[in-house]
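Below is one structure, written out as structure tokens; the observations come after it.
Bear in mind these aren't lab numbers, they're just calculated from the coordinates by the rules spelled out. These numbers come from a predicted model, not from an experiment. Here Cβ is always computed from backbone atoms with ideal geometry, including for glycine, and neighbour counts include all displayed protein chains.
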Amino acid sequence: MGEIVHTSRIRIVREKGPTRRAMIEGFNEPVYYGVHGGIKRFYKVEPEKEHAATLDHIVLNSTGFLYTRNIDTSSKYPLLRRNGC
């Protein structure tokens, strides 16, 4: 097993309703998570302010990983190609 190169230290606090604030060690500004669009309709909630869902960040990270590794997704996932990934 290789050496550990980084350990994430994150504190997540529920603000109000579906809104959560994440404080990531090494950054001064928090990252907010919540619901929007179809997700808020699915859960039948109306947040004071819409924020990206944790799912959005997971999808973004996954497509970024594929893009930086030059993995061709165009034939299998045409939506990724249209969105520049």
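Key figures for this structure:
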item: When residues of the stretch 1-33 are limited to those that are of a type in the set (A, V, I, L, M, F, W, C) and part of a loop (DSSP other than H, G, I, E, B), the one nearest to Asp56 (Cα to Cα); result: Phe27
item: Scan of the stretch 1-35 for residues that are small (Gly, Ala, Ser), under 18 Å from the mean Cα position of the chain (by Cα) and surrounded by 10 or more Cβ atoms within 10 Å (Cβ to Cβ), ordered by number; result: Ala22, Gly34
